[in-house]
């Protein structure tokens, strides 16, 4: 499956902005130092991962730590592990937004999904997009399609780019028909 144009939902400037703005609050300095060291030593897998786990031990469930771990697994090609972290991010974002635990039961009016500036609802949307993307990459097409479709329902203007995932699936279906 070619998802090259779909990008990493919790990467780059979006992931950094979310981590800094919302999720850096309450992060112990020592945990932040471990995240920093993990980034500096990214090329040494075992050491970087150890720093991430140290950060997690110091700040369990903190979104900045979760995003750091997610990005590490994602960029190392450890997609099944990244998917597990994406699920944790969805759960955390659901709690922070007062949403149902199951993303299938969330409706557009349950949070300020239409307000791109609302960092809490955006964290939820990007976490769900990461989940959808990884499901697709791992070959779970029906689950990925369902999650991407839910994203479009929650935020129809598609500022987060969920439609690109659905477009890839549609093109795949057309290729099968040829």
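The values are calculated or read from the model by the stated rules, or taken from the named source; none is laboratory data. Since the model is a prediction, treat every value here as computed from it, not as a measurement. When we count neighbours, we look across all protein chains shown, and the Cβ atoms used for this are built from the backbone with ideal geometry, even at glycine.
Considering the conditions (1) in contact (Cβ under 8 Å) with a residue 12 or more places away in the chain; (2) more than 30 Å from residue 42 (Cβ to Cβ); (3) surrounded by fewer than 24 Cβ atoms within 10 Å (Cβ to Cβ), residue 115 is excluded by exactly one of them, (1).
Selection over region 92-110 of residues that are free of Cβ contacts under 8 Å to residues at least 24 places away in the same chain and on the phi < 0 side of the Ramachandran plot gives a count of 7. Residues that are surrounded by fewer than 22 Cβ atoms within 10 Å (Cβ to Cβ), assigned to a loop (DSSP other than H, G, I, E, B), modelled with pLDDT of 95 or more and on the phi > 0 side of the Ramachandran plot are absent from region 14-27 altogether.
In region 32-52 there is at least one residue matching the filter, namely being at pLDDT 95 or above, out of contact with any helix residue (DSSP H, G or I) (no Cβ under 9 Å at 6 or more places or on another chain), assigned to a loop (DSSP other than H, G, I, E, B) and over 25 Å from residue 164 (Cβ atoms).
Only one entry in 121, 127 is within 13 Å of the chain's Cα centre (by Cα) and modelled with pLDDT under 95, namely 121. Just to verify a result, which residue in region 39-57, among those that are crowded, with 18+ Cβ neighbours inside 10 Å and over 19 Å from the mean Cα position of the chain (by Cα), is farthest from residue 96 (Cα to Cα)? Among them, the one singled out is 48. Residues in region 147-157 that are closer than 17 Å to residue 100 by Cα and surrounded by fewer than 15 Cβ atoms within 10 Å (Cβ to Cβ): 153 only.
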